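The values are calculated or read from the model by the stated rules, or taken from the named source; none is laboratory data. Worth saying up front: this structure is predicted, and the values here are computed from it rather than measured. All Cβ positions, glycine included, derive from the backbone under ideal geometry; neighbour counts span all protein chains shown.
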Amino acid sequence: MKKGLMIAGIIPVLLAACSPLQSSGARDRNEIQNIYETNLNPNNYRNMNANKPTLSNDQAKIREAVNRIDGVRAGMVAIVGNIAYVNVKFTKDIKQEDRRDYLNEIEEKVYKEVPRYKIRARES
């Protein structure tokens, strides 16, 4: 009697173990992760390998723009919010009354290069 009950209990377990697996319709973790990685945006901030714009990149662009202007060398560039403060040194002799006009011209030229910031140039 005990043998019969034991065999009757083991047979369903063995038969259940031999049946093919059926998918439950749920997605595994890798499949879900791949869905999110198909973002075609070039500035994808989830991807840590992509080159993203930084403040130091913007400061370098501003310095390059200032250094391309004749008679001026860029000094320190500080970005605070949406304003970029640029210190410039005049390498050629400019009259004191013309310096403010020259600084305004520098601000306009740099703004064309990096339009996301308001440029404030001053003599250092």
Residues that are in contact with a helix residue (DSSP H, G or I) (Cβ under 7 Å, 6 or more places away or on another chain) and crowded, with 16+ Cβ neighbours inside 10 Å, drawn from region 73-108: Ala74, Val77, Ile79, Ala84, Val86, Val88, Ile106
Evaluation of Asn47 against (1) surrounded by 11 or more Cβ atoms within 10 Å (Cβ to Cβ); (2) at pLDDT 90 or above (one fails), failing number: (2)
Selection count where residues are surrounded by 13 or more Cβ atoms within 10 Å (Cβ to Cβ) and in a loop (DSSP other than H, G, I, E, B), scope region 51-70: 1
Selection from region 80-98 of residues that are out of contact with any Phe, Trp or Tyr (no Cβ under 8 Å at 6 or more places or on another chain) and either assigned to a loop (DSSP other than H, G, I, E, B) or farther than 21 Å from Asn67 by Cβ (or both): Val80, Gly81, Thr91, Lys92, Asp93, Lys95, Gln96, Glu97
Per-region count, region 109-124, residues surrounded by fewer than 13 Cβ atoms within 10 Å (Cβ to Cβ), in contact (Cβ under 8 Å) with a residue 40 or more places away in the chain and touching a strand residue (DSSP E or B) at 6+ places or on another chain (Cβ under 6 Å): 1
Asp101 more than 23 Å from the chain's Cα centre (by Cα), part of a loop (DSSP other than H, G, I, E, B) and either modelled with pLDDT of 90 or more or not β-branched (Val, Ile, Thr) (or both): no
Flag if Ile35 is more than 16 Å from Ser124 (Cα to Cα), aliphatic (A, V, I, L, M) and at pLDDT 70 or above: no
